[in-house]
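I have placed the structure first, in the form of structure tokens, so that the comments after it can refer back to it.
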Amino acid sequence: MLLPRLWNYLKGYVIILAEGYSLERFINICTRRQVLLWDINRRSNHTMTLKTSIKGYEMIRLIAEKSRCKVSVIGEKGLPFFIFRYKRRKAFIFGMVSFYLLVSLLASFVWDVEIYGNKDIRTSDILRKLDDLGVRPGVLKYGINADRIAKTLILQMKELSWASFEIRGTRAKVFVEERTEPPILVPVDVPCNIVAERDGIIHSIIVKNGREVVKEGDTVVKGQLLVSGVIENEREPGQSRLVHSIAEVKARTWYESTGTASIKTFETTRTGNVKYIHTLILFNKEIKLPLNKGIDFKNYDKVELKRVLKVGDNFILPFGIITEEFHENMLIEKELNIDEAKTAAREDALKKLLKIIPGDAEIINQVVDYTQNQNGQVIASIIVECVEDIGLTEEIGGE
Amino acid sequence: MQDSNAKKTEKQGQKGNRVGGGFLEKLINILELPQEVMLGTPKMVLTGNNRLLVENCRGIVEFEKQKIRLSTLDGFVKIQGEYLSIKEISRENVIIIGEINSLEFVK
């Protein structure tokens, strides 16, 4: 009987103590007058307790007079009484309401903008663009049209091929996909030559269309014609036909670079001395706490820790603290042996080279030369030999 | 509307009873109509020994912890037991809870 009980609770009821000698008569009159009673318990010979609704109590008082019983309220239960009791606690109600308002007010702003999916485009660039579009921490989130923002972002930033924008709680999430520029290709129906992209010695040449100008073993320089799209008519000299050359021209190419490594190096270790600087974030302002002492370490690492007050994952509040940890470092001089220095120098050189060598090139040989200068540095000169496709299509112009 | 109807049947039932197995009662028996609806005969539903629902109760005559007497059309109903109390009471129905030991009709 949960439902009637809940209903009684919502409407409110009273517990009554009735005293008298004809309590049966009292109950009978109540039922005849359609006053609902429940939980009637005999206490003693002439007392009993019963429950009735607030409205019923009004009638019971009249009935009690008639049946010469004495009734008194010994308990008040239910929502109306509960509300009445809390009506007097104004400060409590005020606090509850203002807390709710404050939270919902804070929840209606964007406090954090996050960008996912960018590799080459800097996050700050996208943030600046979003700022122009009106999305920045502290802006009211109801005025933001997520669909429009995503579309304008794609339109205005040429580097993006796709973007999505959504607001979760107080966090604006931007997912982007970068555009990979398609390689510039000469259309198949346009006549073209193939020229060398860089210097090298022809390793193999396979011509599918066009006339080959160089052969295996030839040394070519950058820009030199490898395969011509102009085919002369053998019977009638002077007349020629233009074709779209297709060929795979592989050449051996060389790349060189140098790397250095000192024999004397400094190794840093933390001494264990740490100093902290705390900064308070309030809305969009950063407040340095006055306790900060100057940092007097000669060498130090800085570790920045940002902690933001948040509820769940997406409801970020505009309060937080930034703790900067300064770790003092000690420099220990260390001498490498010659082999270690050589390895370090070679790796340095290789690292530089790998940035230049195109991805499809195959490294077939590498020659390393070490020298040592008077500063105690080992210099590694490295020459890497690759086989790669050096063909570059070029439209035949003016002919 | 329903209420006045009930009153009517009650009166009629009383009449029929007084005559002693009168015409109305016979008719109801033939038609197999529920007596408690047509005549106002008490209907009791006893659940285990701890809950008794009495329909068509006309009033409480005696109410104590060990004994409750109800007035019905068929005379008094005496309920004896321990810790008896009235769970709910309305115009026609009474629910009695407690440890019920006996239930008898007393003229």
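Some observations on this one:
- For region A:165-177, backbone phi angles converted through the Karplus equation (6.51, -1.76, 1.60; θ = phi - 60°) give residue-by-residue couplings of 9, 8, 10, 10, x, 10, 10, 9, 10, 10, 9, 10, 10 Hz, Gly and Pro being listed as x.
- Using alpha carbons only: equivalent-ellipsoid semi-axes of region A:2-83, gyration tensor based, whole Å: 22, 13, 11
- Residues of type lysines that A:Lys77 reaches as a straight line, Cα spacing below 27 Å, ignoring anything fewer than 8 places off in the same chain: A:Lys11, A:Lys51, A:Lys55, A:Lys66, A:Lys87, A:Lys90, B:Lys65, B:Lys87
- Taking A:Gln239, A:Gln34, A:Gln374 in turn, the Gaussian network model of chain A (Cα-Cα springs below 10 Å) assigns the largest fluctuation to A:Gln34.
- Overall dimensions of the protein assembly as shown, expressed as equivalent-ellipsoid semi-axes from the Cα gyration tensor (√(5λ), whole Å, largest first), are 101, 38, 23.
- Excluding same-chain neighbours fewer than eight residues apart, the lysines reachable from A:Lys151 by a Cα-Cα span under 21 Å are A:Lys119, A:Lys129, A:Lys141, A:Lys173.
- Projected-area mean, region A:264-335, by convex hull of Cα positions, square nanometres: 6.8 nm²
- Near A:Gly210, the amide H atoms lying under 5 Å from its own belong to A:Ile246; only residues 5 or more places off or on other chains count, and H is placed 1.01 Å from N.
- The A:Leu102 and B:Leu46 beta-carbon pair, evaluated with R₀ = 56 Å, returns a calculated FRET efficiency of approximately 0.45.
- Look at A:Arg25, A:Arg32 and count the other Cβ atoms within 10 Å of each Cβ; fewest to most, that gives A:Arg32, A:Arg25.
- Mean Cα-pair separation over length for region A:264-335, i.e. relative contact order, pairs under 8 Å, 6 or more apart, %: 49 percent
- When only Cα pairs below 8 angstrom with a gap of at least 6 residues are kept, chain A shows a relative contact order of 13 percent.
- For the pair region A:144-217 / region A:342-399, the C-alpha centres are spaced 25 Å from each other.
- Here the protein assembly as shown is treated with +1 on each Lys and Arg Cβ and -1 on each Asp and Glu Cβ, and its dipole about the Cα centre works out to around 6400 debye.
- Mean projection of the Cα convex hull over all viewing directions, computed for region B:42-107: 3.5 nm².
- Taking a ≥ b ≥ c as the square roots of the eigenvalues of the alpha carbon gyration tensor, region A:290-390 is oblate, as a/c is not under 1.5 and a/b does not beat b/c.
- Note on region A:199-257: the C-alpha convex hull projects to 4.7 nm² when averaged across all orientations.
- Per-pair calculated FRET efficiency, R0 = 51 Å: A:Lys90 and A:Asn145 via Cβ, rounded to 0.05: 0.80
- In the protein assembly as shown, the DSSP beta bridges split such that about 95 percent are antiparallel, to the nearest 5.
- Working note: Karplus 6.51/-1.76/1.60 with θ = phi - 60° gives region B:62-73 the couplings 9, 9, 9, 5, 9, 8, 10, 10, 10, 9, 9, 5 Hz, where Gly and Pro are set to x.
- Using C-alpha pairs below 8 Å separated by at least 6 residues, the relative contact order for region B:42-107 is 32 percent.
- As a proxy for reagent exposure, A:Arg33, A:Arg42, A:Arg88 were ordered by neighbouring Cβ count within 10 angstrom, fewest first; the result is A:Arg88, A:Arg33, A:Arg42.
- Under-5 Å amide H pairs with A:Gly12, H placed in peptide plane, nonlocal only: A:Leu79
- Alpha carbon centroid spacing (whole Å) that separates region B:58-83 from region A:4-57: 17 Å
- Within a Gaussian network of chain A (alpha carbon springs, distance under 10 Å), most fluctuating of A:Glu232, A:Glu385, A:Glu324: A:Glu232
- Folded to 0 to 90 degrees: helix A:90-106 orientation relative to chain A principal axis, Cα: 20 degrees
- Share of alpha-carbon pairs per 10 Å distance bin for region A:97-139, given as whole %: 25, 38, 23, 12, 2
- Across region A:327-336, rounded Karplus estimates of 3J(HN,Hα) from the backbone phi angles (6.51 cos²θ - 1.76 cosθ + 1.60, θ = phi - 60°) give 9, 6, 10, 10, 9, 10, 6, 9, 10, 7 Hz, Gly and Pro being marked x.
- C-alpha long axis of helix A:338-356 to longest principal axis of chain A, angle in °: 90 degrees
- Centroid-to-centroid separation of region A:73-105 and region A:288-340 [C-alpha atoms, Å]: 47 Å
- Backbone amide hydrogens, once placed in the peptide plane, bring B:Gly59 within less than 5 Å of B:Ser71, excluding anything fewer than 5 places away on its chain.
Read-outs: derived from the displayed coordinates by stated rules, not from any lab. Since the model is a prediction, treat every value here as computed from it, not as a measurement. Ideal geometry is used to build each Cβ from the backbone, glycine not excepted, and the neighbour counts take in all protein chains shown.
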